[in-house]
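**Q** The following block contains the structure, expressed as structure tokens.
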Amino acid sequence: MTCCGGNIAADGAAGVSASADFSRAEELLHAGRERDDGTVEYVFSAPDIHCGACISSIERAIGPMHGIAYVRVNLSLRRVTVHLDPAVTGPVEVSGALAALGFPARPVDLGDLDELERKRRDSELLKSLAVAGFASANIMLLSVSVWSGAEGATRDLFHLISALIAIPAVFYAGRVFFRSAWGALRNGRVNMDVPISLAISLATGMSLFEALTGGDKTYFEAATMLLFFLLIGRYLDQRMRERVRTAVVQLSRLSAKGANVLTGDGEMRYLPLDEIEPGMTVRVFAGERLPVDGTVENGLSDVDRSLVTGESLPVTAEAGTALEAGAMNLTGVLDIEVTNTADKSFLAEVRAMMEAAENGRGAYVRAADRAARLYAPFVHSLAAIAFVAWMVITGGDWHTSLYIAIALLIITCPCALGLAVPVVHVIGATRLFENGILMKDGAALERLAEADEAVFDKTGTLTTGTPTVIGCAIERPSDIAIARALAASSGHPASRALLTHLDAGATARGTDIAEHPGLGVEGGFSGGLARLGRMAWVAEIAEPSAVQDPSGGLAFATKGGSLHAIKLGEHVRDGAAAAIDALHNAGLGTRIVSGDAAAQVAGLADRLGVTEWHADQSPADKIARIEALRAEGKKVLFVGDGINDAPALAAGHVSMAPASGSDVGRTAADFVFTRDSLEAVTAARGIALRAQALVKQNFGLAFAYNVIAVPIAMAGMVTPLVAAIAMSASSIVVVLNSMRLTRGDPAPAASRPARSALAVGTGSMEAAE
Amino acid sequence: MTLLTVLIPIALFLGLLGLGAFIWSLNSGQYEDLDGAAARILEDDED
């Protein structure tokens, strides 16, 4: 990565014990940026900041700390910026102090965010908006005087002053449109900015000619007002994307950028990811994700691969097991021999597939640009007809004819069209935000409304990814008490599921409770030894006559007691059945495409009433399924969460991912939903359909406006006053119509208690990358 | 007419002043944290 932290304050980490904290401390050191005055700037994301009191408590606590040069809290972005002296203190101390204050924080990688570039463009639009606003207000004042009857020298003076204001303003504020139009034309395409740029530049050019030659009509106010309105639409659109990006960045956990490498003499060193080579041995602690692909060399543990392969139940990893980057180590310490460098790892392969798949979606043309493809040639040929017709009528008066043709282009300039789409999208994004759904891009809303086939991933999408107990034979209260005690001492997902299942009853007190990675939990109780874990391991202590389930699974037994099998299933995500029913009723095809085993997929498909399902799908298989559906002419909505889903998320016509998914999945998806219920899918679709209806209405309104405006313009009756009124009236009508999206039936998910989308990323999220 | 030669420059000057003030406030980062600014005004500065 591009962070320039280097080895700043590397000795600051010396005191940190060699544990999982060790790598976290190393991560922190790499996130800084050296400033000119020798201090290092760190930006922490602290999602729990929520009020003015938080600002003062953080700034008063961190500010006086030794070695802190500057601290400032940003309440809107929930960030803390700190400049510190690397010789005196380090980011670990700041992060610790923040956590002690009750604001768990993690550093934001400044290089990754490319924030500077984004900010520059943001304020460029805002400055353009300010300049256009200033110009149009002042020119309008002068124009009103002209329209009220200023004549002769006064009028000419006013026109010249208007020209002096308008020309630099158009050059400055119109850059966004000119650049985009030029880019489209150079690639042989037409977009909405082409007719806009043409109208603005022709209006300015013609008005300049009129002003210099003492003509009586100029359109400076029309040109600048047009810019002002259109820039409002642009700015709103950009703000929307900005807000979503911030939210998505906050959801993502700091990705592993390095690993603890064991050197020959048994020492452990933290190396950045790009310095790790095949053959090295990497130590992965419980609770960490694998940074690279590798084979287990030493150690025994349970590994959760659900984000990587879609397998719902943890697998046992022992010497010789091959594991992919992104798998989560659950219980024991694993020493892993690296088989691939990071840039050739499974994750990198998935990224490459994602990029290839995304190219397909690049062919999508936004509704506004589709409209422009029809609109621009139509209007431009009308202008040409008007010019020729007036040349004939006036007998060769090119000045009048040209004037009328240009006036036609000005009055038909798609001001309303330019606002018709972004305003609806911005309001749609706000509605989605209220429902806990983040939308990356306005075009995604258009694509979602078109989707006619819904493809779901299973693990983590239709299910929550955490196992749940569906059958448990433990009945005696004393056994339940022992099982609770064993389950409570382990962080394994199966133990947590059992604890939830046996939520009533006492907990026995045991001695020497120990977790054996890959096997289970064991402890001594008043009734003797008891075990909870893998069937074969538990059966060793159970009564000899106990019958083992040949398929294995989980079991519990006390010494010499009977063997109690525990069946694990998956917890179906809230609203999954309702969402699938609703999609069915709306006429969409639904199917499940999962990386899990056939038995698991079939069971879930049956419960949800989905008839089409495919199991054991690799990421490439998933893409192939989507490509096949596309070849049939279907527009696929793909909903998935894992690393293995990321290419499919990029390949689908439109895609959604839960916030609990992998970083790479969230990056690939068009929509990210932050609430637990899958009804977010139907809620988003409902909003998308209404937004699409409104966009169509807006196009209709803009068309109706042109039906009236074009004949007037062709008749040569357009004066600057008429143009100004007509254009602003049409824009206002379109914006008012779009505002209707804020009202109306709330989407189903809105009935759930609102949880701030930004607060979700606090710590419960697990993400791989 | 002579009045206009005074009034128009004044009007434009005031407008430009406003525009300049806005761009200055934008560049000096006053729109970076609107929620924070609203909260900070209620803080008592003890020192």
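The values are calculated or read from the model by the stated rules, or taken from the named source; none is laboratory data. Since we're looking at a predicted model, the values are computed, not measured. Reconstructed Cβ throughout: ideal geometry from the backbone, glycine too, with neighbour counts over all protein chains shown. Quick note on the areas: whole protein, heavy atoms, side chains included, nothing else; ligands and nucleic acids left out. Shrake-Rupley method; radii C 1.70, N 1.55, O 1.52, S 1.80 Å.
**Q** Restricting things to Cα coordinates, could you compute the convex hull volume per residue of the protein assembly as shown in Å³?
**A** Expressed per residue, the convex hull around the Cα atoms of the protein assembly as shown is 198 Å³.
**Q** Once you keep just the Cα pairs under 8 angstrom separated by 6 or more residues, what percentage relative contact order results for chain A?
**A** After rounding, I find 13 percent.
**Q** Related question: What does the buried accessible surface come to for B and A, summed over both chains, with the probe at 1.4 Å? Round to 100 Å².
**A** The buried area between B and A, both sides summed, comes to about 1900 Å².
**Q** Roughly what would the spin-label model give for A:F703 and A:L160, points 7 Å off Cα along C-beta, in nm?
**A** With each label point 7 Å from Cα toward Cβ, the separation is 4.8 nm.
**Q** Using 0.36 nm per residue of separation minus the Cα-Cα distance, give me the extension gain between A:S123 and A:L529 in nm, one decimal.
**A** Gain on stretching A:S123 to A:L529: 139.3 nm.
**Q** Any idea what diffusion coefficient the stretch A:309-355 gets from Stokes-Einstein, in µm²/s, Kirkwood Rh on alpha carbon pairs, 20 °C, 1.002 mPa s?
**A** The Stokes-Einstein estimate is 174 µm²/s.
**Q** Can you list residues from other chains, or at least 5 along the same chain, whose modelled amide H is less than 5 Å from the amide H of A:T463?
**A** A:R573
**Q** Taking R0 as 41 Å, what FRET efficiency do you get between A:A536 and A:Y70 from their Cβ-Cβ distance, rounded to the nearest 0.05?
**A** Approximately 0.10, to the nearest 0.05.
**Q** Can I ask one more? Which residues among the stretch A:595-612 fall inside the zone where the amide N is under 16 Å from a point 7 Å beyond the Cα of A:H584, along Cα→Cβ?
**A** A:602-612
**Q** Can I ask one more? Counting Lys and Arg as +1 and Asp and Glu as -1, what is the net charge of the other residues whose Cβ lies under 14 Å from the Cβ of A:A368?
**A** That sum, taken over residues with Cβ under 14 Å, equals +2.
**Q** Would you tally the net charge around A:A577, using a Cβ to Cβ cut-off of less than 12 Å, leaving A:A577 out, and scoring K and R as +1, D and E as -1?
**A** Every neighbour counted, the sum reads -2.
**Q** Expressed in whole Å with the largest first, what are the equivalent ellipsoid semi-axes of the stretch A:193-233 derived from the C-alpha gyration tensor as the square root of 5 times each eigenvalue?
**A** Over the Cα atoms of the stretch A:193-233, the semi-axes work out to 21, 11, 5 Å.
**Q** Just to confirm, what accessible area per residue do you get for the protein assembly as shown at 1.4 Å probe, in whole Å²?
**A** I get 42 Å² per residue for this part.
**Q** At 7 Å along the Cα-to-beta-carbon direction for both A:D335 and A:A620, put a label point, then send me their distance in nm to one decimal.
**A** Here the answer is 3.4 nm between the modelled labels.
**Q** How big is chain B on each of its three principal axes, counting only the C-alpha atoms and giving the largest first in Å?
**A** Principal-axis extents of chain B (Cα, largest first): 56, 20, 17 Å.
**Q** Give me Rg over Rh for the stretch A:509-640, both radii from the alpha carbons and Rh done the Kirkwood way, two decimal places.
**A** 1.19
**Q** Could I ask something else about it? Full-extension gain between A:T400 and A:T316, please, as 0.36 nm times their residue separation minus the C-alpha to C-alpha distance.
**A** 21.8 nm
**Q** Right, another one. Per DSSP helix of 4 or more residues, -39500 (n - 2.57); summed, then divided by the residues of chain A. What does that give at 222 nm, rounded to the nearest 500?
**A** Dividing the helical sum by the residues of chain A leaves -16000 deg cm²/dmol.
**Q** How long are the semi-axes of the equivalent ellipsoid of the stretch A:465-571, defined as square roots of 5 times the Cα gyration tensor eigenvalues? Whole Å, largest first.
**A** Value: 18, 16, 13 Å, ordered largest first.
**Q** Right, next: How far apart, in nm, are two points set 7 Å out from the Cα along the Cα-to-Cβ line at B:R40 and at A:A715?
**A** With each label placed 7 Å out from Cα toward Cβ, I get 5.9 nm.
**Q** Oh, and also: A:H492: net charge of surrounding residues, Cβ under 10 Å, Lys/Arg +1, Asp/Glu -1, itself excluded?
**A** Spelling it out: positives minus negatives among the neighbours equals -2.
**Q** Computing the accessible area with a 1.4 Å probe over protein heavy atoms, can you report the carbon and sulfur percentage for the protein assembly as shown?
**A** Whole-percent figure for carbon plus sulfur exposure: 58.
**Q** Could you sort out which of A:K344/A:K440; A:K458/A:K635; A:K127/A:K217 sit more than 22 Å apart by Cα distance in this structure?
**A** Long pairs (Cα-Cα over 22 Å): A:K344/A:K440; A:K127/A:K217.
**Q** In terms of the Cα gyration tensor, with a ≥ b ≥ c the square roots of its eigenvalues, is the stretch A:258-348 rounded because a/c is under 1.5, prolate because a/b exceeds b/c, or oblate?
**A** Note, shape of the stretch A:258-348 comes out oblate.
**Q** For chain A, give me the percentage of DSSP beta bridges that are antiparallel, rounded to the nearest 5 percent.
**A** Approximately 80 percent, going by the DSSP bridge assignments.
**Q** Can you find, among A:S562, A:H516, A:S490, the residue sitting farthest towards the positive end of the charge dipole of the stretch A:465-571, where Lys and Arg contribute +1 and Asp and Glu -1 at Cβ?
**A** A:S490
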